[in-house]
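To start, the structure itself, in structure tokens.
The values are calculated or read from the model by the stated rules, or taken from the named source; none is laboratory data. This structure is a prediction, so every number in the text was calculated from the model and none was measured. A quick note on method: Cβ atoms are made from the backbone with ideal geometry, for glycine too, and the neighbour counts reach across all protein chains shown.
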Amino acid sequence: MEYYNYIKSLHLIFVITWFAGLFYIVRLFVYHIEANDKPSPEKEILIKQYKLMSYRLWYIITWPSAVLASVFAITLLLLMPEWLNQPWMHVKLGFVFLLFLYHLKCHQIFKQLQNDEVKHTTGFMRLWNEGATLILFAVVFLVILKNAVNWIYGVIGIMAFSILLMLGYKFYKRIREKNQS
């Protein structure tokens, strides 16, 4: 148990860098997709740069952070196996599973863009970018509160936050369309 706080600190550091990578990769996806509408040679220059930036972010920061956050999480669970008997931990692990699904979908989009396949709009990507935010909010509130009733309030709060994000996105989209006209 002497090393517990070190392992917990490392877990938290790599969770933070994992989320940072997920937040930024989707922004790069938005820019990459927008670059497709640029005239030559700007289009080719931007796409080449976004591919390089995405590649480095994905394989040097995001994937290693996901793996290391997971390794340290498993180590913490081995040190504190009684956590697996707590309902909040079951819910947290459910959100971690969703986070991995989100990560894998981002990987699929990354591979498509690396192969010059644009299958999503910038609008989709802007909304997709909020997925990691919602998971982050859910996990942080769950870990801090560790209470089923408070967790229910947290879920209601997350849903309200999601609605506000959607409304904010629609408002932002209208402003952008108005400014482009």
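Among residues belonging to region 102-134 that are part of a helix (DSSP H, G or I) and among the polar types (S, T, N, Q), point out the one that is farthest from D37 (Cα to Cα).
Of the residues in region 102-134, the ones part of a helix (DSSP H, G or I) are 102-114, 122-134.
When the remaining residues are screened for being among the polar types (S, T, N, Q), the result is 108, 112, 114, 122, 129, 133.
Working: Q108: 22, Q112: 17, Q114: 17, T122: 11, N129: 21, T133: 28 Å.
This residue is T133.
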| query | Any idea how many residues of region 35-63 are of a type outside the set (S, T, N, Q) and surrounded by 15 or more Cβ atoms within 10 Å (Cβ to Cβ)? | reply | 10
| task | Would you please list the contacts, defined by Cβ atoms under 8 Å and residues six or more apart or on different chains, that run from a residue in region 65-81 that is closer than 15 Å to I16 by Cβ and free of Cβ contacts under 8 Å to residues at least 40 places away in the same chain to a residue that is of a type outside the set (K, R) and part of a helix (DSSP H, G or I)? | result | none
| request: Please work out if L12 is out of contact with any Gly (no Cβ under 7 Å at 6 or more places or on another chain), touching a residue at least 12 places away in the same chain (Cβ under 8 Å) and part of a helix (DSSP H, G or I). | output: no
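Of these, F171, F124, which one is farther than 19 Å from F23 by Cβ, surrounded by fewer than 16 Cβ atoms within 10 Å (Cβ to Cβ) and not charged (D, E, K, R)? Give the steps one after another, and end with the answer.
Details: F124 fails: farther than 19 Å from F23 by Cβ.
Result: F171 is the single residue among F171, F124 that is farther than 19 Å from F23 by Cβ, surrounded by fewer than 16 Cβ atoms within 10 Å (Cβ to Cβ) and not charged (D, E, K, R).
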| remark: Of the conditions (1) assigned to a helix (DSSP H, G or I); (2) over 19 Å from the mean Cα position of the chain (by Cα), the single one that A20 does not satisfy is (2)
| said: Please pick out the residue among I45, I74 that is among the β-branched types (V, I, T) and either within 30 Å of L145 (Cα to Cα) or within 15 Å of the chain's Cα centre (by Cα) (or both). | reply: I74
| field | Matching residues in region 36-95 - criterion: being closer than 27 Å to Y3 by Cβ and not in a helix (DSSP H, G or I) | value | M80, Q86
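With β-branched (V, I, T) and modelled with pLDDT under 95 as the only criterion, which of V15, V91, V30 stands out? Break it down into steps so the answer makes sense when it comes.
Values: V15 fails: modelled with pLDDT under 95; V30 fails: modelled with pLDDT under 95.
Going through V15, V91, V30 in turn, just one is β-branched (V, I, T) and modelled with pLDDT under 95: V91.
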